[in-house]
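Asks: Take a look at the following structure, please.
The values are calculated or read from the model by the stated rules, or taken from the named source; none is laboratory data. Note that the coordinates shown come from a computational prediction; the quantities given were computed from them, not determined experimentally. Methodologically, a virtual Cβ is constructed for each residue, glycine included, from the backbone with ideal geometry; neighbour enumeration extends over all protein chains shown.
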């Protein structure tokens, strides 16, 4: 008799999306940390376009942060998809 294989609800895509979101946040922190280091430690002032890009990056990472840290890892769709009407 063959051993039964039980698949995790999230599967490979759940694993990749979980770690992909964390990688995205890590890369974002590196870019913003580098920009702030150049601005505050080395005394270089950013141009207005750079400031707008920073604001856009911060707004883009906020939903990714909530998805990565407040969803259940590797568990498939969130609870609100499991309701039966």
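Asks: Might you let me know whether region 6-24 holds any residue that is at positive phi, within 21 Å of the chain's Cα centre (by Cα) and modelled with pLDDT under 85? Working first, answer last.
Replies: Taking region 6-24 as the starting set, the residues that turn out to be at positive phi are 11.
From the residues that got through so far, the ones that are within 21 Å of the chain's Cα centre (by Cα) too are 11.
Cutting the leftovers down to modelled with pLDDT under 85 gives us 11.
Yes, some residue in region 6-24 is at positive phi, within 21 Å of the chain's Cα centre (by Cα) and modelled with pLDDT under 85.
Asks: Any residue in region 73-82 that is surrounded by 12 or more Cβ atoms within 10 Å (Cβ to Cβ) and modelled with pLDDT of 80 or more? Even if it seems obvious, please write down each step before you answer.
Replies: Keep residues of region 73-82 that are surrounded by 12 or more Cβ atoms within 10 Å (Cβ to Cβ), which gives 73-77.
Cutting the leftovers down to modelled with pLDDT of 80 or more gives us none.
So far as region 73-82 goes, no, none of its residues is surrounded by 12 or more Cβ atoms within 10 Å (Cβ to Cβ) and modelled with pLDDT of 80 or more.
Asks: Something else about it: Evaluate the following for residue 46: is it at pLDDT 80 or above, touching a helix residue (DSSP H, G or I) at 6+ places or on another chain (Cβ under 9 Å) and either assigned to a loop (DSSP other than H, G, I, E, B) or surrounded by fewer than 10 Cβ atoms within 10 Å (Cβ to Cβ) (or both)?
Replies: Values: at pLDDT 80 or above: yes; touching a helix residue (DSSP H, G or I) at 6+ places or on another chain (Cβ under 9 Å): yes; either assigned to a loop (DSSP other than H, G, I, E, B) or surrounded by fewer than 10 Cβ atoms within 10 Å (Cβ to Cβ) (or both): yes.
In short, yes.
Asks: Further question: What pairs come out if I take residues in region 23-37 that are over 15 Å from residue 58 (Cβ atoms) and pair them with residues that are assigned to a helix (DSSP H, G or I) whose C-beta lies under 9 Å away, six or more apart or interchain?
Replies: That search, which allows pairs on different chains as well, returns nothing.
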